[in-house]
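K.L.:
Structure incoming, see below.
Just so it is clear, none of the values below were taken in a lab; they were calculated from the coordinates. None of these values were measured; they are calculated from a predicted model. All Cβ positions, glycine included, derive from the backbone under ideal geometry; neighbour counts span all protein chains shown.
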């Protein structure tokens, strides 16, 4: 069904929002396609993810993995209590995660609410750290389409390089796949030059079959990234969910030649968890995804554990939380 | 940005936890004793390093071991209340769990299997088996098979799961009140000898467990011994037939767990990623040295191309090499004889016209290795579709209808296990009921549990091991 197409050139999703596979004509055609995807056996998928989680990543491999993980962090603050001061501090940390060590890589992006985009943009300056903004009535997504589009445009106009949208889970769960699809297409248009990450909120989709279908729906609609969670719903990112999404982007590239990124977000707090995710990226999607352009961690506390492990590896000593900066 | 390669650095498990002696005697009557015969060497198949000299038991040694077992049976074990026998078995189970790392490392060194597997599969199942049958020891009247033990059990086990096969044999025998004389395989005696130490540590009454090491002649002397009441064998169908001939005409009870040529049937509505995972686990688990290995992949033609593509991609990520490296997926072939057999059958596959594909991987220079391999364009007539290869070699056949899948799956002298992959429950049940195999796995493969009976149809053997059914072999 999906194999046999040579992948000549891999590129980000094309500028047009037309689906590379013409299945989005109606709810019925989308349904036929999405429900025709091979199912996911829950027990088998979880066993595979657990087995990959037993990989032992030590010494040089660990050093590579820690630096890679740091460079993939979307350093996030999405709180009602966020202030300009907090976002500035976050921006400074994103550029120099370990101020005492210039060899420490910068993170991929800071991720904030739309009203903090300008502040974040100023804080990261020309460092190369991207500014991502959640939009579309994050985290519930319960708002009218024009409100969601206005939310998105505001963030882009304020300078956001990346938009993290949420899908309409209610529409998805009630089988209105075309509504979900068209909303993603509309947001993608509103993004203009900004890259679009589509949050599936896998904790509300409940089954791996749904995760796989929602992944394909988001890719067909033109998302540049598929992202697990808002971080506001439990469970958020889990290793098997990330693995199922990585299988989806791998299969999508084989079918269309277009490479899509993956972002697990929420719940990844330890360096050990992050390294497990990188192992899954490496062995399921392949090394092409071992790059901040194609894989991100949406996290706030993860970075400090990565930094502490990095300091341990370079100095041979555990430092402790007083030797990394808070927020 | 240049692409980052995440090369896994070597992550070797330390050998220092294991103390391998230069030489080992036999374990008879609760003590290690010198044998009367010669000795043989056991070798690390990953390095060809000689690990230890092990005594080869001759007829006289076997006789002493059977006598010790008989004495322990008559004087102690058969008279002991079940609840008391259970205490010893629980104690053994706990010691196995406590010394699990040591057992896993030694199993990996002597057998060649990856430490990940010895650590995460073999040793936990071994402990679970002893825990499970310990629980039966005082409940035999509810077994449905009576509560009278048979007497002395002669048990001969193979080299592919040395400790696990020991547990499958020893735990139910002891729970039922029998005493045992066990012969481990000549290439993998070390964990059985460590188990003997565990019996000492558990203060198991002397003679309840006796271990005689050696090769075929030791095994012959054991199963042919006139004072043995029960023979239990796991190994090749050829040797199993010879044992059945030896035992015929005596009143010895016999269970055999022999070879297999299992079909793993993948329907077009299967969860493909997990099916591929199950096929890989089915044939490359333990280097394919598994009697119930899914050595024949039967894939529905409508998804054959896609499944093969995914399968090859997955096989290319298998990590073959140092068994003690925690990241190794496929370890060493247990012996040069086995390697020669795998090579011979693979060559026959090519000669008969099947298409050979080998996973790209670098094999170490020393030791015995065989890269994960699959054959396509295989027909039912090819030797690689009929004979047990007992190595990391998968034969791929296709089918068009469920009926054809069943016919092809059953078209073998063996009948140990089978796998079905489909998202459709009714199809799984229908096909499973038509397969002539002792174990049928649905949407999984190679799952073992002490509560579940295991055993074969046809030339795969007779009798069941595991679960309540496993008690039948040791009670009258």
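K.L.:
Under a GNM of chain A (C-alpha, springs under 10 Å), which listed residue has the highest mean-square fluctuation: A:55, A:188, A:212?
P.N.:
Highest fluctuation of the listed residues: A:55.
K.L.:
While we're on this one: Binning at 10 Å from 0, report for the stretch A:130-170 what percent of all alpha-carbon pair distances ends up in each bin.
P.N.:
Percent of pairs per bin, in order: 35, 52, 13, 0.
K.L.:
When the gyration tensor of the stretch B:263-442 is built from Cα positions, what are the square roots of 5 times its three eigenvalues, in whole Å, from largest to smallest?
P.N.:
26, 17, 15
K.L.:
Gaussian network model of chain A, Cα springs within a sub-10 Å range: biggest mean-square fluctuation belongs to which of A:312, A:272, A:62?
P.N.:
A:312
K.L.:
Can you give the percent of C-alpha pairs in chain B whose distance is more than 36 Å?
P.N.:
Summing the P(r) of chain B above 36 Å gives 28 percent of all pairs.
K.L.:
What's the angle, to the nearest 10 degrees (0 to 90), between helix B:237-247's Cα axis and the longest principal axis of chain B?
P.N.:
With both axes taken from Cα atoms, the answer is about 30 degrees.
K.L.:
If you build the Cα gyration tensor of the stretch B:70-150 and take the root of 5 times each eigenvalue, what three semi-axes come out, in whole angstrom, biggest first?
P.N.:
30, 14, 11
K.L.:
Given the stretch B:263-442, what percent of its DSSP beta bridges are antiparallel, to the nearest 5?
P.N.:
Close to 15 percent.
K.L.:
Also, quick follow-up: Using just the Cα positions, wrap the protein assembly as shown in a convex hull and report its mean projected area in square nanometres, one decimal place.
P.N.:
So the Cα hull casts an average projection of 35.6 nm².
K.L.:
Specify the angular offset, from 0 to 90 degrees and rounded to the nearest 10, of the alpha carbon long axis of helix B:272-284 from the longest principal axis of the alpha carbons in chain B.
P.N.:
Here the helix axis deviates by roughly 50 degrees.
K.L.:
Would you order A:104, B:292, A:111 from fewest to most other beta-carbon atoms within 10 Å of each residue's own beta-carbon?
P.N.:
Starting with the residue having the fewest Cβ neighbours, the order is A:104, B:292, A:111.
K.L.:
Okay, next question. Averaged over peptide A:46-52, how many Cβ atoms belonging to another chain are found within 10 Å of each residue's Cβ?
P.N.:
Other-chain Cβ atoms within 10 Å of each residue's Cβ, averaged: 3.
K.L.:
Another question, if that's okay. Just for the protein assembly as shown, what percent of DSSP beta bridges are antiparallel, to the closest 5?
P.N.:
So the antiparallel bridges amount to about 20 percent of the total.
K.L.:
Arranged by the count of other C-beta atoms within 10 angstrom, fewest first, what order do B:60, B:225 take?
P.N.:
B:60, B:225
K.L.:
Quick check: the angle from helix A:208-220's long axis to the longest principal axis of chain A, C-alpha only, nearest 10 degrees?
P.N.:
For A:208-220 against chain A, the angle is about 80 degrees.
K.L.:
Quick one: check the C-alpha center-to-center distance for the stretch A:127-168 versus the stretch B:55-111, whole angstrom.
P.N.:
Distance between centres, Cα-based: 67 Å.
K.L.:
Here's another thing I want to ask about it. Given only helices, namely DSSP H runs of n ≥ 4 each adding -39500 (n - 2.57), what is the per-residue ellipticity at 222 nm of chain B, to the nearest 500 deg cm²/dmol?
P.N.:
Result for chain B, helices only: -11000 deg cm²/dmol.
K.L.:
Output the antiparallel fraction of DSSP beta bridges having both residues in chain B, as a percent to the nearest 5.
P.N.:
About 30 percent, rounded to the nearest 5.
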